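Below is one structure; the comments refer to it alone.
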Amino acid sequence: MADTSALGFGHFLRNADIVAQVLLVVLAIMSATSWYLIVMKGISQTVRQRRSQKFLTFFWSATSLEAVQHELSTHGAHEPFGHLTAHSLRAQAHHEKFGAAKLEEAGSAQEFLTRTIKKVLDEETTSLENGLTMLATIGATAPFVGLFGTVWGVYHALVAIGMSGSGMLDKVAGPVGEALIMTGIGLAVALPAVMGYNWLTRANRVLSAKLDAFAFELLTFLSMGKALQASSQGRSLKPGVALAAVK
C-alpha cells in the first residue's frame, strides 16, 4: 500500500518540475493582481460615490451656477460630477470670451458645450473601466492555466506509472489527485476575479447612468441659463426645473 500521508500539496510542491513551478508563479501573480485591483478599485469606488453624493447635494441646493463655479474654483473637482460641471462651465465661459477661434471650438456655443460634455463623459467612462480588462482576462484565463498544469501533471504521472510497471489503483490515484491541485488553484484565482469584475462593472454602469442624466440636466441649465434665471426669480436649482423650462 502507498503511504497516502506523504501525498498532498506539500508533496506536490516538492516534486513539481519547472513547468509546474512556472505555472504556480503565474497563478500567484494573477491572484495578487486581481486582489489588488478589486481592493483598490473598490475603495476608489466607495470614495467616489461619497464625494459624488456630497457634490450633488451641494449642486441642487445652490442658489446659482455662479455659486457652484465659486465652490469648484475654491475646492476643486475630485469626482466625476464636479469634473463634468467644472469643464462645462469653463467651456461656456471660454466660448463666450473667445468664440470659435480654433477648429475644436467651431460651431455655436451649445454645440461646443455638447462636445465638451461628451468628451468629459468619455474620459470618465475610460477612467472607471481602467483595470477591468485585466480582471476579466484573469477570470477567463486562470482556469485554463490551472487545467494546463493538471494535464501536464497527469501526463507525467501516467508516464511514471507506466515505467514502474504497476497499474494498481493506489499507484494511480495519488499522482493524478495531486495533479488536480493545479485546477483547484486556477479556479481559486478565477472566482474572485470574476466576482470582482461583475461587481465593479455594475457599480460603474450605475454611476455612468447617473452621470449621463446629470449631464443632460447640466446642459439644459447652461444652454438656457438666462431663461431659467428669469423664470426662477431667485429659487434654488432643483432637479426637473430645466426639463420644465424646456417644455
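The values are calculated or read from the model by the stated rules, or taken from the named source; none is laboratory data. Note that the structure is a prediction, hence the values are computed from the model and not measured. Neighbour counts are summed over all protein chains in view; Cβ atoms, including those assigned to glycine, are modelled from backbone coordinates with ideal geometry.
Of the residues Leu207, Leu187, Leu228, which single one is buried (at least 19 other Cβ atoms within 10 Å of the Cβ), at pLDDT 85 or above and not charged (D, E, K, R)?
Exactly one residue qualifies, and that residue is Leu207.
Identify all residues within segment 1-39 that are surrounded by 12 or more Cβ atoms within 10 Å (Cβ to Cβ), modelled with pLDDT under 90, among the hydrophobic types (A, V, I, L, M, F, W, C) and part of a helix (DSSP H, G or I); write none if there are none.
Phe12, Leu13, Val19, Ala20, Val22, Leu23, Leu24
Tell me, please, whether a residue that is under 23 Å from Arg115 (Cα atoms), of a type in the set (Val, Ile, Thr) and in contact (Cβ under 8 Å) with a residue 40 or more places away in the chain can be found in segment 85-97.
Looking through segment 85-97, at least one residue is under 23 Å from Arg115 (Cα atoms), of a type in the set (Val, Ile, Thr) and in contact (Cβ under 8 Å) with a residue 40 or more places away in the chain.
Which residues, counting only those in segment 86-123, are over 22 Å from Leu65 (Cα atoms) and at pLDDT 70 or above?
The initial filter retains those residues of segment 86-123 that are over 22 Å from Leu65 (Cα atoms), namely 100-107, 122-123.
Hits for segment 86-123 are Asp122, Glu123.
List every residue pair whose Cβ atoms lie under 6 Å apart, where the two residues are 6 or more positions apart in sequence or sit on different chains, the first residue falls within segment 57-81 and is over 15 Å from Ala215 (Cβ atoms), and the second residue, located anywhere, is of a type in the set (Val, Ile, Thr) and in a helix (DSSP H, G or I).
Final answer for the pair search is Ala62/Val68.
Checking the conditions here, which among Ala136, Ala193 is touching a Leu at 6+ places or on another chain (Cβ under 6 Å) and at pLDDT 80 or above?
Ala193
Search segment 40-83 for residues being surrounded by 14 or more Cβ atoms within 10 Å (Cβ to Cβ) and among the charged types (D, E, K, R), and hand back the single one that is modelled with the lowest pLDDT.
Glu71
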